[in-house]
Amino acid sequence: MFLDTAIIHCKAGNGGNGVVSWRREKFIPKGGPDGGDGGKGGDIIFEADSSLNTLISFRYTQKFHAEDGQPGEAENRSGRSGKDLIIKVPCGTLIKDAETNNIIDDMVSSGDRFVLLKGGRGGRGNARFANSVRRSPAFSETGELTKERKISLELKVIADVGLIGFPNVGKSTFLSVVSAAKPKIANYHFTTLSPNLGVVTHNGYSFTIADIPGLIEGASEGAGLGHSFLRHTERVRLLLHILDISGSEGRAPEQDYRIIRNELNNYSGILASLPEIVVGNKIDLSQDYKEEILRLNKEFNIGIIPVSCATTEGIDNLLNILTAKLKTIPKQEKLRFSPFVYEDENKSEIKIEKRDHSYYVYGGFIEDLVRGVVVSDPESFRWFQKVLRDKGIMQSLLEKGLKNGDSIVIMDIEFEYIE
Ligand SMILES: Nc1nc2c(ncn2[C@@H]2O[C@H](COP(=O)(O)OP(=O)(O)OP(=O)(O)O)[C@@H](O)[C@H]2O)c(=O)[nH]1
Ligand SMILES: [Mg+2]
């Protein structure tokens, strides 16, 4: 089964907590602080891999959580960092934010890597809070918590050449003749149900071909296997349009040509404007294919190239023409988009809301900060208030009208402001 879209849930690892610990020294019940820092959480990384060609694996696994950082340890030992989680996707996969549908990145070339979500920072251990005044800080920082994001993946196969045409005209046969690919070939319609990729090397020049399911009238509106497959021709440099010139199924090749061109036009202007080479296949079945080709060339002003994929007659000539043409068309690039980036939670704005005589503070780094505060420990609480002052939050509160006796509420901590 082919799968070219998927929704997954990704979360970078949380940062590990810093810890509170005291040196063990002979005859001293509580030595100096030696609690280590927490480790950083693992990142979520995407990697393009040319050996993949569907998103099928995402059907079974939808949760991707990178490892959390480990808490710090005594003797100033830092916690281990969480392992990064590398998610492999086929080349041509678009990564989007599923909530807004904004494009975050386009994975084009094999080996390309992209860090989607950064792991949370580790919290600092109590050893880091010691200074000449605060000799035995009994508090530490908690690690940064990360958010789960809903991501949509969309595969748009990237190839140099896209094979298009009615079912049964010989697209897959052509691919099997010119490349090492072994697509299913059979004498019935819709043998090919998912795109096949093949690599062709002709006179030292290599390029890729994507064989897609056959198109029929109405494909642009979803008939047959529909436009879900037309999208896989959006990212090719050239269309190889295959006709059954022998009319072996009773359809006239000119009618086929007209219908397919019409579907391309209906689907997208970009697709319709791609360079096209038209191939007249199955000449082995026709006595008068030459006259047929002359007639069609005149009618549509196209230079149909006669071949037989069954006998391989004309294939070499076609590959010469194809490679010469490809050399004149620029390589496929990344899609153009303005990348969407997840806001770093810690850098996001801090919001203050006033209700009666209470000031609610939330957002930004404040929530991580609060989780590390030990309210019952005066030093911890003093440090917390110092951070509020240093980061300008007290100033903002005063500007909003904070007065003596009002209360400040930050998550589950509430305290009275005394001038
Ligand atoms: N006689 C003859 N038969 C051919 C030629 N090329 C392909 N065929 C036959 O035509 C039938 C269809 O070939 P496929 O390659 O499966 O056609 P397709 O265009 O990929 O078809 P779908 O995947 O259904 O869209 C098979 O029975 C092939 O053996 C040719 O040049 N001459
Ligand atoms: Mg096929």
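The values are calculated or read from the model by the stated rules, or taken from the named source; none is laboratory data. Quick caveat: nothing in here was measured; it's all calculated off a predicted structure. Neighbour counts run over all protein chains shown; Cβ positions are idealised from the backbone, glycine included. In case anyone asks, the SASA skips ligands and DNA or RNA and just uses the protein heavy atoms, side chains included. Shrake-Rupley method; radii C 1.70, N 1.55, O 1.52, S 1.80 Å.
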> Which cross-chain or sequence-distant (5 or more) residues have an amide H under 5 Å from the amide H of GLU313, H modelled 1.01 Å from N in plane?
Replying inline: SER308
> Amide H neighbours of THR93 under 5 Å, counting only residues 5+ apart in sequence or on other chains, H built in-plane at 1.01 Å?
Replying inline: MET107, LYS156
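Place the peptides 191-204, 240-253 in order of packing, highest mean first, counting for every residue the other Cβ atoms within 10 Å and averaging per peptide.
240-253, 191-204
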>> Rounded to the nearest 20 debye, what is the charge dipole size of segment 161-326 about its Cα centre when +1 sits on each Lys and Arg Cβ and -1 on each Asp and Glu Cβ?
In response: 440 debye
> Can you work out ³J(HN,Hα) from phi for every residue in segment 236-245, in order, using Karplus 6.51 cos²θ - 1.76 cosθ + 1.60 and θ = phi - 60°, giving whole Hz and x for Gly and Pro?
Replying inline: 10, 9, 8, 9, 9, 9, 9, 10, 8, 6
> Where does each of 301-310, 172-181 land if you order them by average Cβ count within 10 Å, highest first?
Replying inline: 172-181, 301-310
> Which residues' amide hydrogens lie under 5 Å from the amide hydrogen of LYS83, considering only partners 5 or more residues apart or on another chain, with H built in the peptide plane?
Replying inline: GLY42, GLU67
> Where the Cα atoms of segment 1-143 are projected onto their three principal axes, how long is each span, largest first, in whole Å?
Replying inline: 70, 27, 24
> Roughly speaking, to the nearest percent, how much of the chain's 1.4 Å accessible area is carbon and sulfur?
Replying inline: 49 percent
> Karplus couplings for segment 56-72 from phi (6.51 cos²θ - 1.76 cosθ + 1.60, θ = phi - 60°), rounded to Hz, Gly and Pro as x?
Replying inline: 3, 4, 7, 6, 9, 10, 10, 9, 10, 10, 6, 5, 6, x, 7, x, x
>> Positive end of the dipole of the chain, charges at C-beta (+1 Lys, Arg; -1 Asp, Glu), about the Cα centre: which of ILE260, VAL178, CYS91 has its Cα farthest in that direction?
In response: CYS91
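Note down the relative contact order for segment 161-326 as a percent, whole number, built from C-alpha pairs under 8 angstrom at least six residues apart. Walk me through the intermediate numbers first.
Numbers: 307 pairs, mean separation 36.0, N = 166.
RCO, segment 161-326: 22 percent.
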> Considering only protein heavy atoms, what is the solvent-accessible area of PHE300 at a probe of 1.4 Å, reported in Å² to the nearest 10?
Replying inline: 50 Å²
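Grab the alpha carbons of segment 59-108, take their convex hull, and tell me the volume per residue in Å³.
On the way: hull volume 6.7 nm³, N = 50.
Each residue corresponds to 133 Å³ of Cα convex hull volume.
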> When Lys and Arg each count +1 and Asp and Glu each count -1, what net charge do the other residues less than 14 Å away from PRO306, Cβ to Cβ, add up to?
Replying inline: -4
>> With an 8 Å Cα cut-off and a minimum separation of 6 or more residues, compute the relative contact order for the chain in percent.
In response: 13 percent
>> What are the ³J(HN,Hα) couplings of segment 391-402, residue after residue, when phi is run through the Karplus curve with 6.51, -1.76, 1.60 and θ = phi - 60°? Round to Hz, x for glycine and proline.
In response: 8, x, 6, 4, 4, 4, 5, 5, 5, 7, x, 4
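What is segment 1-156's relative contact order, in percent, from Cα pairs under 8 angstrom and six or more apart in sequence?
Working: 548 pairs, mean separation 57.4, N = 156.
Contact order relative to length: 37 percent.
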> Just from its helices, what would the mean residue ellipticity at 222 nm be for the chain, if runs of 4 or more DSSP H residues each count -39500 (n - 2.57) and the sum is divided by every residue, rounded to the nearest 500 deg cm²/dmol?
Replying inline: -5500 deg cm²/dmol
>> I'd like the per residue volume of the convex hull spanned by the Cα atoms of segment 345-416, given in cubic angstrom.
In response: 86 Å³
>> Give me the dipole magnitude in Debye, nearest 20, for the chain about the Cα centre, with unit charges on the beta carbon: positive for Lys and Arg, negative for Asp and Glu.
In response: 1120 debye
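Explain nothing, just the number: dipole magnitude of segment 1-156 about its Cα centre with +1 on each Lys and Arg Cβ and -1 on each Asp and Glu Cβ, in debye rounded to the nearest 20. Let's see the in-between values first.
Working: 24 positive and 21 negative charges, 171 e Å.
Charge dipole of segment 1-156: 820 debye, to the nearest 20.
Considering only the other residues whose Cβ falls under 12 Å of the Cβ of ALA130, what net charge follows from Lys and Arg at +1 and Asp and Glu at -1? Mind dumping the intermediate values first?
On the way: positive: ARG23, ARG124, ARG128, ARG134, ARG135; negative: ASP34, GLU379.
That sum, taken over residues with Cβ under 12 Å, equals +3.
For the chain, what is the accessible area per residue in Å² when the probe is 1.4 Å?
Details: 20810 Å² over 419 residues.
So the chain comes to 50 Å² accessible per residue, rounded to a whole number.
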> With every protein chain present, what accessible area does ARG231 have (1.4 Å probe, heavy atoms only), rounded to the nearest 10 Å²?
Replying inline: 40 Å²
> When the gyration tensor of segment 213-279 is built from Cα positions, what are the square roots of 5 times its three eigenvalues, in whole Å, from largest to smallest?
Replying inline: 19, 14, 10
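Highest mean first, how do 284-291, 14-21 rank when packing is the count of other Cβ atoms within 10 Å averaged over residues? Each step should come with its number before you reach the end.
Working: 284-291: 13.8, 14-21: 26.0.
Top to bottom by mean Cβ count within 10 Å: 14-21, 284-291.
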>> Using +1 at the C-beta of Lys and Arg and -1 at the C-beta of Asp and Glu, which of SER110, VAL200, GLY162 has the Cα lying farthest in the positive direction of the dipole of the chain?
In response: SER110
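Taking the convex hull of the Cα atoms, report for the chain its projected area averaged over all directions, in nm².
Values: hull surface 115.6 nm².
Result: 28.9 nm².
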